[in-house]
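Visitor: Here you go, one structure.
The values are calculated or read from the model by the stated rules, or taken from the named source; none is laboratory data. No experiment lies behind these values; they were computed from the predicted model shown. No Cβ is skipped: glycine too gets one built from the backbone with ideal geometry, and neighbour counts run over all protein chains shown.
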Ligand SMILES: Cc1cc2nc3c(=O)[nH]c(=O)nc-3n(C[C@H](O)[C@H](O)[C@H](O)COP(=O)(O)OP(=O)(O)OC[C@H]3O[C@@H](n4cnc5c(N)ncnc54)[C@H](O)[C@@H]3O)c2cc1C
């Protein structure tokens, strides 16, 4: 794009993608004094990708240390968002409850809880009775134990995304909607990025952040970078009001199937991975037969009162999965100026606050709040994958 004087459009940093991640990155870059920041989103509104379809859960209960460290920092940012920034954000801190019905799995959950506590998290181990007391009406038959994180909870994805966008604008960042990035441009020798191309013209920038969610691989491929991320569709169903609806908004997970629910409005919101979802596809058609045949029976097994609930809405969104269920974060070896914030594998909403901060620290040469060097893209080529079993 050129202005009236014929000079190219330019920025100090371009952020591609206006989901929770891109909005947080744009704000943190602008607030850190990274210069002129432009966020480009191809849709007509922010947060219409995975962010707009997400369940809004946040938790410290993960099985890898790096995910716990990211969560400890990020959850604190979500919880103090309104107070710190003076902007509204719906946040309920009623905890996450993992129900475990298998002895071998319970050993794993207890080990993870011990690790979480060693890093400063509050996590309780409950027996079946205590789990039922927390969420009355749960079927706890066969439950050998449960872990409960009292500092986990639920927040509004749209509120967080638009909140960070407001803050980004206040700090001078520019947000351009309806602007698709068709390429990340690089120098002739391919050693560093020089900006991006859009249908409206080029924007020169020494720093480009790929925050394009599940579409990040296509963008990265345009500058020769292969991102091992695949789309995994996930169903979400909400119900109308029903007798026996839980009062607390505790997010309950039955770990045998990873079926989960939490109170949402007059009913509950629930979801569960579908076996077929493991095959990568961008298809987001609701499978009513699977909902009726598998999701609802499982829902009634876990919370019998759901038998009487009517369905309100259902939708499908895309998880942006990596092989080890961890994000791909940071700069890329051999291509200066490109930063990745991708592959959050179903927990990118809750990590958006801290990831925005970390990307801004990496770009401005400040020590990152959390050491994320283990999450760099190069770990795949080096075979240094990290395990994460708490994928909901
Ligand atoms: C059903 C479901 C439930 C979930 N539940 C949770 C949860 O409880 N807790 C949690 O933490 N996470 C959850 N997630 C995961 C979470 O939604 C994602 O990890 C997170 O939203 C990723 O944010 P993002 O900004 O990276 O991606 P997105 O929100 O997908 O944003 C990417 C944006 O980039 C734009 N874009 C793509 N390509 C281009 C381009 N070339 N040019 C310009 N713009 C482009 C897209 O239009 C999109 O707006 C859930 C996801 C789903 C699907």
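Visitor: Yes or no: residue 37 within 11 Å of the ligand (Cβ to nearest atom), buried (at least 24 other Cβ atoms within 10 Å of the Cβ) and in contact (Cβ under 8 Å) with a residue 40 or more places away in the chain? So that I can check it myself, show each step before the final result.
Guide: Numbers: within 11 Å of the ligand (Cβ to nearest atom): no; buried (at least 24 other Cβ atoms within 10 Å of the Cβ): yes; in contact (Cβ under 8 Å) with a residue 40 or more places away in the chain: yes.
Here the answer is no, as residue 37 does not meet what is asked.
Visitor: Continuing with this model, one more query. Just name the residue that is surrounded by the most Cβ atoms within 10 Å (Cβ to Cβ) out of those in segment 165-184 that are within 12 Å of the ligand (Cβ to nearest atom) and assigned to a loop (DSSP other than H, G, I, E, B). Lay out the reasoning, then the answer.
Guide: Taking segment 165-184 as the starting set, the residues that turn out to be within 12 Å of the ligand (Cβ to nearest atom) are 165, 175-184.
Now restrict to residues that are assigned to a loop (DSSP other than H, G, I, E, B): 177-182.
Numbers: 177: 13, 178: 13, 179: 20, 180: 16, 181: 24, 182: 12.
Only one residue tops the list, namely 181.
Visitor: So, of the residues in segment 196-215 that are under 16 Å from residue 335 (Cα atoms) and surrounded by fewer than 24 Cβ atoms within 10 Å (Cβ to Cβ), which turns out to be farthest from the ligand (Cβ to nearest atom)?
Guide: Here the residue is 206.
Visitor: Before we move on, is residue 317 within 11 Å of the ligand (Cβ to nearest atom) and not in a helix (DSSP H, G or I)?
Guide: Values: within 11 Å of the ligand (Cβ to nearest atom): yes; not in a helix (DSSP H, G or I): yes.
Against the criterion (within 11 Å of the ligand (Cβ to nearest atom) and not in a helix (DSSP H, G or I)), residue 317 qualifies.
Visitor: If you don't mind, another one. Just a yes or no: is a residue in segment 285-303 within 14 Å of the ligand (Cβ to nearest atom) and either within 30 Å of residue 374 (Cα to Cα) or in the same structural domain as residue 39 (by TED's automatic domain parsing) (or both)?
Guide: No, every residue in segment 285-303 fails to be within 14 Å of the ligand (Cβ to nearest atom) and either within 30 Å of residue 374 (Cα to Cα) or in the same structural domain as residue 39 (by TED's automatic domain parsing) (or both).
Visitor: I would also like to ask the following. Check 139, 162 and return the single one that is surrounded by 15 or more Cβ atoms within 10 Å (Cβ to Cβ), in a loop (DSSP other than H, G, I, E, B) and away from the ligand (no atom under 11 Å from the Cβ).
Guide: Numbers: 162 fails: in a loop (DSSP other than H, G, I, E, B).
Exactly one of 139, 162 is surrounded by 15 or more Cβ atoms within 10 Å (Cβ to Cβ), in a loop (DSSP other than H, G, I, E, B) and away from the ligand (no atom under 11 Å from the Cβ), namely 139.
Visitor: Here's another thing I want to ask about it. Hey, does segment 253-260 have a residue that's part of a strand (DSSP E or B), buried (at least 17 other Cβ atoms within 10 Å of the Cβ), at pLDDT 95 or above and within 17 Å of the chain's Cα centre (by Cα)? Break it down stepwise before answering.
Guide: Of all residues in segment 253-260, those part of a strand (DSSP E or B) come to 253-254, 259-260.
If we keep only those that are buried (at least 17 other Cβ atoms within 10 Å of the Cβ) as well, we get 253-254, 259-260.
Remaining after also requiring at pLDDT 95 or above: 253-254, 259-260.
Of the ones still in play, those that are also within 17 Å of the chain's Cα centre (by Cα) are 260.
Within segment 253-260, one or more residues are part of a strand (DSSP E or B), buried (at least 17 other Cβ atoms within 10 Å of the Cβ), at pLDDT 95 or above and within 17 Å of the chain's Cα centre (by Cα).
Visitor: Looking only at segment 237-244, decide whether some residue is within 11 Å of the ligand (Cβ to nearest atom), closer than 23 Å to residue 52 by Cα, crowded, with 19+ Cβ neighbours inside 10 Å and within 17 Å of the chain's Cα centre (by Cα). Full working, then the answer.
Guide: Restricting attention to segment 237-244, the residues satisfying the condition of being within 11 Å of the ligand (Cβ to nearest atom) are 237.
Imposing the further condition that a residue be closer than 23 Å to residue 52 by Cα reduces the set to 237.
Add one more test, that the residue is crowded, with 19+ Cβ neighbours inside 10 Å, and what stays is 237.
Keeping just the survivors that are within 17 Å of the chain's Cα centre (by Cα) gives none.
The answer is no; no qualifying residue exists.
Visitor: Please go through segment 198-215 and pick out each residue that is part of a strand (DSSP E or B) and either within 27 Å of the chain's Cα centre (by Cα) or under 20 Å from residue 25 (Cβ atoms) (or both).
Guide: Quick first cut of segment 198-215, residues part of a strand (DSSP E or B) only: 198, 201-204, 208-210.
Of everything in segment 198-215, those that are part of a strand (DSSP E or B) and either within 27 Å of the chain's Cα centre (by Cα) or under 20 Å from residue 25 (Cβ atoms) (or both) turn out to be 198, 203, 204, 208, 209, 210.
Visitor: Restricting attention to segment 295-304, does a residue exist that is touching a residue at least 12 places away in the same chain (Cβ under 8 Å) and farther than 16 Å from residue 261 by Cα?
Guide: Looking for residues that are touching a residue at least 12 places away in the same chain (Cβ under 8 Å) and farther than 16 Å from residue 261 by Cα, one finds none in segment 295-304, hence no.
Visitor: Within segment 272-282, can you find the residues that are in contact with a helix residue (DSSP H, G or I) (Cβ under 8 Å, 6 or more places away or on another chain) and either crowded, with 16+ Cβ neighbours inside 10 Å or part of a strand (DSSP E or B) (or both)?
Guide: 272, 274
Visitor: Say we look at segment 221-236 and pick out the residues that are within 20 Å of the chain's Cα centre (by Cα) and in a loop (DSSP other than H, G, I, E, B); which of these is surrounded by the fewest Cβ atoms within 10 Å (Cβ to Cβ)?
Guide: Quick first cut of segment 221-236, residues within 20 Å of the chain's Cα centre (by Cα) only: 227-236.
Next, from what is left, pick out any that are in a loop (DSSP other than H, G, I, E, B): 227-229.
Working: 227: 22, 228: 16, 229: 25.
Selected residue: 228.
Visitor: Looking at (1) in a loop (DSSP other than H, G, I, E, B); (2) within 14 Å of the ligand (Cβ to nearest atom); (3) surrounded by fewer than 19 Cβ atoms within 10 Å (Cβ to Cβ), which is the only condition residue 218 fails?
Guide: (1)
Visitor: Select from segment 335-370 the residues that are without any contact (Cβ under 8 Å) to a residue 60 or more places away in the chain and not in a helix (DSSP H, G or I) and write down the one among them that is nearest to the ligand (Cβ to nearest atom). So that I can check it myself, show each step before the final result.
Guide: From segment 335-370, those without any contact (Cβ under 8 Å) to a residue 60 or more places away in the chain are 345, 358, 362, 365, 367-368; that's our starting set.
Subsequent filtering for residues that are not in a helix (DSSP H, G or I) retains 345, 365, 367-368.
On the way: 345: 7, 365: 24, 367: 24, 368: 18 Å.
That would be 345.
Visitor: How many residues, within segment 121-136, are surrounded by fewer than 17 Cβ atoms within 10 Å (Cβ to Cβ) and assigned to a strand (DSSP E or B)?
Guide: As a first pass, look at segment 121-136 and keep what is surrounded by fewer than 17 Cβ atoms within 10 Å (Cβ to Cβ): 122, 124-125, 127, 129-130, 133, 136.
Now drop any that are not assigned to a strand (DSSP E or B), which leaves 124-125.
Number of matching residues: 2.
Visitor: Then there's this: Could you grab me the full set of residues in segment 47-63 that are touching a residue at least 60 places away in the same chain (Cβ under 8 Å), in a loop (DSSP other than H, G, I, E, B) and within 7 Å of the ligand (Cβ to nearest atom)?
Guide: Initial filter on segment 47-63 (touching a residue at least 60 places away in the same chain (Cβ under 8 Å)): 47, 49-63.
Of the ones still in play, those that are also in a loop (DSSP other than H, G, I, E, B) are 47, 49, 54-56, 59-63.
Hits for segment 47-63 are 47, 49, 54, 55, 56.
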